[in-house]
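Let me begin by presenting the structure, written as structure tokens, before commenting on it.
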Amino acid sequence: MVAPLEQQTLTARMRELKQLRNAVILAHNYQTGDLQDVADFVGDSLGLAYKARDTEADVILFCGVHFMAETAKIVNPTKTVLLPSLEAGCSLADSCDAAALAKWRAENPDAVVVAYINCTAAVKAQTDIICTSGNAVKVVNSIPKDKRILFVPDQNLGQWVMSQTGRELILWPGACHVHVLFTHKAIFQLKQQHPNAKIVAHPECVPAVRMLADEVCSTEKMVNYCRTSSATEFIIVTEAGMLHRLHKEVPGKRFIAGPTDTCNCNECPFMKMNTLENAVAALENLSPEITLDETIRRQALIPIERMLAIGR
Ligand code: 13P
Ligand code: SF4
């Protein structure tokens, strides 16, 4: 986060540029507070995909990671989609390469391929349906029971979906390098200090962490869970940016960032590559812009549209 005075100047410039460019600012829940505060919409991957599809603005300034901005371009190709830092990738998306998936798919021609939205456009283009953490259970339940399912790229989300649906999924061995840092030991110790706190964990966490959780859900559902719960204290086991939105939208309750073995919170270095400065610069320069091969975009749109039709 930038210093308060600088933040005021940058925020004011951002508002001017937003008008000038006829832009909408979409931000993921893991972005820094100053970016969340300047955004028109803050949400999870699924909410952001709907907002990107439905916007009538000319420019989408996407404050999130590359696969999310790519999804925005896939669903709304006539818009200029900007990502403040093109380096804002995702270790989970990087774990699944399109050529390797093509090979796996060819070895399992009868299977349905379900991909978590945290993957590249080239990977999406080779799948049957996309899901997010917000609708993965619903998406898997929509597939006929007699069908074998290949699930890419997050094995932790895949295992959680298996536990919720009773379906057997064949898992790609990918994982999020941020969420796997949360450990059973660290979360258990924190819970001892806060026995009344509810533990809320993202499904990208490992099973030993998820088993401690009172609720496992997407970042968007975390807001609703904490708002409607009778509890007043929560341990939030996901990227620490989430706490900004929780403090803002669920006032009067206490939120404690989930710790790792070495740190009392956990940040995604890719998400944090976007800053208020480079977001303003992106809108000023209309760059860096997301561009896609049109054949891949059209192929990737099909499984995304199937998911969007299913909803949350
Ligand atoms: P959500 O869709 O739940 O916000 O998750 C996105 C993500 O990248 C989690 O690491
Ligand atoms: Fe990717 Fe993990 Fe960062 Fe989410 S938290 S964007 S899955 S690296």
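FYI, it's all coordinate maths here, none of it is from the lab. Keep in mind that this is a model prediction, so the values were computed, not measured. Cβ: placed from backbone, ideal geometry, glycine included. Neighbour counts: every protein chain shown.
Quick notes
- Length gained on full extension, SER230 to ASN264, computed as 0.36 nm times the residue gap minus the Cα-Cα distance: 9.7 nm.
- Distance between the stretch 89-137 and the stretch 232-289 - C-alpha centres, whole angstrom: 26 Å
- Each Lys and Arg adds +1 at its Cβ and each Asp and Glu adds -1 at its Cβ; summed about the Cα centre, the stretch 173-312 shows a dipole of about 600 debye.
- The stretch 216-234 residues near the modelled GLU249 label - backbone nitrogen below 13 Å, point 7 Å along Cα→Cβ: 218-228
- Remark: the stretch 264-271, residue by residue, has Karplus-estimated 3J(HN,Hα) of 8, 7, 8, 10, 8, x, 6, 4 Hz, where x stands for each Gly or Pro and the curve is 6.51 cos²θ - 1.76 cosθ + 1.60 at θ = phi - 60°.
- Cα extents of the stretch 139-178 along the three principal axes, largest first (Å): 33, 16, 14
- Cα-projected label distance for ASP40 with ASP110, points at 7 Å along beta-carbon direction, nm: 4.8 nm
- Contour minus Cα-Cα distance for ILE310 and MET162 (0.36 nm per residue): 51.4 nm
- Stretch in the chain that is longest and holds no GluC sites (Glu not before Pro) that DSSP places in a loop and that have at most 10 other beta carbons within 10 Å: 169-312
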